[in-house]
Amino acid sequence: MMKKVFAILLLSLTAAACDSNTTETTNATPSPAVQVSPTPAPSPSLEASPVTTAQWKAGDKVKVTINGSAMAATIVSIDEKAAKATVKVQGETKERTVDLAAVAKP
């Protein structure tokens, strides 16, 4: 008899714990302090940082990474808005436009 009472008590407590309390969720209003406004994820900026663009100027001798290999080059011009540099690679006649991230000190 005691086992049956204990089993019923255990089942009723388990059922009560699993029941969702709908009256609290529908009547409760969230406080303004709890509400969080969605913020957009930070997107990477296409513009180069001022430190990166300030260190290079036309005529500087640099190393440029093109297709995975580093080549010696000279900066012809820099487009800070597009974060690109026009360089002339040593041993080539044409000029190339590369990202400023691909430009390094020689």
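Here is how the numbers come out for the structure above:
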read-out	value
Test: residue in the range 54-71 that is of a type outside the set (Val, Ile, Thr) and modelled with pLDDT under 65	yes
Number of positions in the range 54-106 that are part of a loop (DSSP other than H, G, I, E, B) and touching a residue at least 40 places away in the same chain (Cβ under 8 Å)	3
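The values are calculated or read from the model by the stated rules, or taken from the named source; none is laboratory data. Keep in mind that this is a model prediction, so the values were computed, not measured. A quick note on method: Cβ atoms are made from the backbone with ideal geometry, for glycine too, and the neighbour counts reach across all protein chains shown.
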